[in-house]
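To start, the structure itself, in structure tokens.
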Amino acid sequence: MMKIKIVIFILLLGLQVNAQNRRSNPIVSHMFTADPSAHVWEDGRLYVYPSTDNAPPKGYKTMDGYHVFSTDDMITWKDHGEILHSNQVNWGRKEGGFMWAPDAAYKNGTYYYYFPHPTGTDFRKTWRIGIATSNKPASDFKVQGYIKGLETYIDPCVFIDDDGQAYLYIAGHNECFAIKLKEDMTEIDGELIKQTGLDGLREGPFVFKRNEMYYMIYPDDFPKFNKMRYAMSKSPLGPWENNEVFLNSTDVITTHGSVVEYKNQWYLFYHNGNLSGGIGPNRSICFDPIYFNEDGTINMVKQTLGVELPTFHKDVNFNEMIGTLEAGNYNHADLEKKGFTSNEISSIEIPKGYMVEGFAKDNFTGKSWKFEEDRIDLEDIEANDIITSIKISKYKVENLVNNPSFELATQGQIKHWYNRNPKPFSRYKDDKGKGYYALKYEGNKNPRPLVQKVALKPNTNYEISIKLKAALGTEGKVIFDTNGSFDENCKFELDAKSKPDEWVLYKAEFNSGNTTKLELRCLVSDNFKGVGYWDDVVLKVKS
């Protein structure tokens with residue numbers, strides 16, 4: 001009997017290695033999303049209603065165009081498309097934007113969508129809580145106006161108790177208020193009640209109920225990078241107590257979330273800045289399980305990110321997961337044994353330190369592609385539904401530069417490389433450099449540099465290198481430098497007329513001295529006119 005149990009355990013362990021039971025974070029990879037409000041409706045699916053961050057980032061004022069995402073297995077997520085835009089809000093500010101954190105509710109056959117939006121140009125004084133309704137959870141929403149009788153508040157949360165009574169929670173000026181809603185879900189009933197006992201509350205309340213206990217989660221005002229707290233009460237209107245942090249800061253300033261139970265597991269939905277490399281107004285929604293103690297208190301949430309092994313998907317954007325593979329060589333027959341059908345791979349998640357090489361034909365022949373970074377859409381490089389055999393290897397990561405060959409981007413926003421107005425810079429498909437893309441600038445001006453900040457160890461010797469290229473007919477110089485830190489020998493300038501349309505490799509060495517932070521910059525000269533390229537940025541400790 002013991003031997004049978006051991007065999008079953010080993011088999012189950014093997015299954016866990018070759019497949020994940022959830023989508024990796026972030027759960028939306030093709031656009032920037034934030035402030036997720038998660039709900040489970042009568043059709044058995046879990047729906048998430050987030051706000052939308054725009055690219056390139058322009059602060060939070062341009063947020064617009066709400067999407068809805070849903071799943072029935074926590075693995076594959078469907079984007080139902082845009083359900084509401086500021087241009088559909090006839091009472092809203094004429095300039096649009098400012099479509100911040102929403103919420104949704106369902107009652108008596110109708111789905112209610114609550115969203116904050118100003119009525120005037122001076123948004124600080126004109127916030128309203130708008131309402132849209134539909135008989136479907138993810139489409140056909142029509143704006144019905146806004147809730148009358150409220151001052152300028154944001155971040156609506158609507159909680160419906162077991163007796164059918166609905167409550168509206170709103171935030172503003174580091175305070176939270178609650179009020180009952182009438183049966184029609186569009187009118188308030190009574191007076192606002194200030195919610196007390198919410199230590200450090202900044203904004204974004206979300207209320208749920210478990211085992212006759214009410215919970216409110218909210219972002220706190222922890223300096224620079226907010227954390228998520230929860231409070232408990234025996235009443236939906238407070239007072240609240242037992243304030244504790246249960247989600248630490250992410251890589252962006254803000255946090256905002258929701259809690260939902262789905263298929264006997266509780267989850268926290270929140271956002272981070274992973275897709276953008278930590279740019280505040282370019283966020284991405286995530287989820288992780290939460291666990292309760294016997295007394296109802298919540299344990300700290302472990303934030304997860306990415307995958308542990310190369311993970312393959314039938315659809316773009318990491319949907320319809322096929323399975324994971326360890327390091328090794330897999331021909332067509334090997335892949336079939338692992339549950340892979342030939343020519344069905346459309347996207348691949350690749351953890352740091354792994355290289356995936358895909359081949360168009362069996363036994364590692366035919367056209368091949370090498371990947372060291374995630375690929376959300378293999379069609380971009382003509383590798384979609386073609387890969388028939390695969391080699392996976394591990395390597396030691398020495399390069400300190402993130403996204404060194406500009407392979408990763410979301411909505412044109414190149415990950416880890418920052419500029420307040422990066423529009424003049426773009427990814428350019430070029431398989432003659434490193435990987436399949438390079439950075440491109442085309443114009444006749446000197447834009448702000450595209451920058452990545454890298455941490456250095458003091459008094460350490462480093463090697464740095466980059467490839468530069470200028471198109472034929474370009475005037476001026478393509479430049480890569482360290483913003484003055486080590487420019488004496490680490491400022492590389494390619495005269496556009498010297499070797500047009502050729503990649504030129506530059507290398508140098510330096511000692512960091514007392515410098516612990518370095519700015520790597522892609523830029524052009526003041527007299528530049530034409531097209532310049534950057535690729536394969538490498539910074540590593542000198543061996």
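The values are calculated or read from the model by the stated rules, or taken from the named source; none is laboratory data. None of these values were measured; they are calculated from a predicted model. So basically every Cβ, Gly included, is an ideal-geometry build from the backbone, and we count neighbours across all protein chains shown.
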Condition met for residue 356 (in a strand (DSSP E or B), modelled with pLDDT of 95 or more and either within 30 Å of residue 455 (Cβ to Cβ) or under 25 Å from the mean Cα position of the chain (by Cα) (or both)): yes
Residue count, the range 154-177, condition in a loop (DSSP other than H, G, I, E, B) and modelled with pLDDT of 95 or more, comes to 5
Could you list all residues from the range 521-531 that are modelled with pLDDT of 95 or more and either outside the structural domain of residue 491 (by TED's automatic domain parsing) or touching a Gly at 6+ places or on another chain (Cβ under 8 Å) (or both)? 524, 525, 528, 529, 530
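Yes/no matrix, rows are residues, columns are (1) farther than 24 Å from residue 415 by Cα; (2) modelled with pLDDT under 95:
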| position | (1), (2) |
| --- | --- |
| 8 | yes, yes |
| 15 | yes, yes |
| 20 | yes, yes |
| 26 | no, no |
| 32 | no, no |
| 35 | no, no |
| 48 | yes, no |
| 53 | no, no |
Elements of type strands (runs of 3 or more DSSP E) contained in the range 37-109, each with 1 or more residues being under 16 Å from the mean Cα position of the chain (by Cα) and acidic (Asp, Glu): 46-53, 78-84
Name every residue in the range 333-353 that is among the small types (Gly, Ala, Ser), loosely packed, with under 15 Cβ neighbours inside 10 Å and in a loop (DSSP other than H, G, I, E, B), in order of residue number. 339, 342, 353
Residue count, the range 307-332 (criterion: under 15 Å from residue 362 (Cα atoms) and not in a strand (DSSP E or B)): 2
Against the conditions (1) surrounded by 17 or more Cβ atoms within 10 Å (Cβ to Cβ); (2) among the β-branched types (Val, Ile, Thr); (3) farther than 12 Å from residue 152 by Cβ, where does residue 119 fall short? Just the number, please. (3)
Within the set of pairs 6 or more residues apart or between chains, which connect a residue that is in a helix (DSSP H, G or I) inside the range 483-497 to a residue that is of a type in the set (S, T, N, Q) and modelled with pLDDT of 95 or more with Cβ atoms less than 6 Å apart? 490/482
Quick one: is residue 427 under 26 Å from the mean Cα position of the chain (by Cα), farther than 22 Å from residue 466 by Cα and of a type in the set (Lys, Arg)? no
Residue 361: closer than 29 Å to residue 434 by Cβ and loosely packed, with under 14 Cβ neighbours inside 10 Å, yes or no? no
Flag if residue 390 is of a type in the set (A, V, I, L, M, F, W, C), modelled with pLDDT of 95 or more and closer than 22 Å to residue 75 by Cβ: yes
Taking residue 430 and the conditions (1) modelled with pLDDT of 95 or more; (2) within 24 Å of residue 504 (Cα to Cα); (3) of a type in the set (D, E, K, R), which numbered condition does it fall short on, given that it satisfies the others? (1)
With the condition kept exactly as written, say whether any residue in the range 132-141 is surrounded by 22 or more Cβ atoms within 10 Å (Cβ to Cβ) and in a strand (DSSP E or B). yes
Has the range 99-110 got any residue that is of a type outside the set (A, V, I, L, M), crowded, with 23+ Cβ neighbours inside 10 Å and closer than 22 Å to residue 413 by Cβ? yes
Does residue 190 qualify as being surrounded by 20 or more Cβ atoms within 10 Å (Cβ to Cβ) and at positive phi? no
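Okay, residues lined up against (1) on the phi > 0 side of the Ramachandran plot; (2) free of Cβ contacts under 8 Å to residues at least 40 places away in the same chain; (3) basic (Lys, Arg); (4) loosely packed, with under 14 Cβ neighbours inside 10 Å:
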site: 146; (1), (2), (3), (4): no, no, no, no
site: 156; (1), (2), (3), (4): no, no, no, no
site: 173; (1), (2), (3), (4): yes, yes, no, yes
site: 182; (1), (2), (3), (4): no, yes, yes, yes
site: 186; (1), (2), (3), (4): no, no, no, no
Residue by residue through the range 110-131, note down the ones that are outside any strand (DSSP E or B) and not polar (S, T, N, Q). 120, 122, 123, 124, 125
Just to be sure I understand, how many residues within the range 323-341 are among the aliphatic types (A, V, I, L, M) and touching a residue at least 60 places away in the same chain (Cβ under 8 Å)? 2
Per the filter on the range 457-482, residues crowded, with 22+ Cβ neighbours inside 10 Å, touching a residue at least 40 places away in the same chain (Cβ under 8 Å) and outside any strand (DSSP E or B) are 474
Filtered residue count, the range 381-402, keeping only those that are free of Cβ contacts under 8 Å to residues at least 24 places away in the same chain and of a type outside the set (Asp, Glu): 0
Looking at this structure, is residue 528 at negative phi, touching a helix residue (DSSP H, G or I) at 6+ places or on another chain (Cβ under 7 Å) and surrounded by 14 or more Cβ atoms within 10 Å (Cβ to Cβ)? no
Scan the range 100-148 residue by residue and report those that are of a type in the set (S, T, N, Q), closer than 20 Å to residue 38 by Cα and out of contact with any Ser or Thr (no Cβ under 6 Å at 6 or more places or on another chain). 108, 134, 135, 139
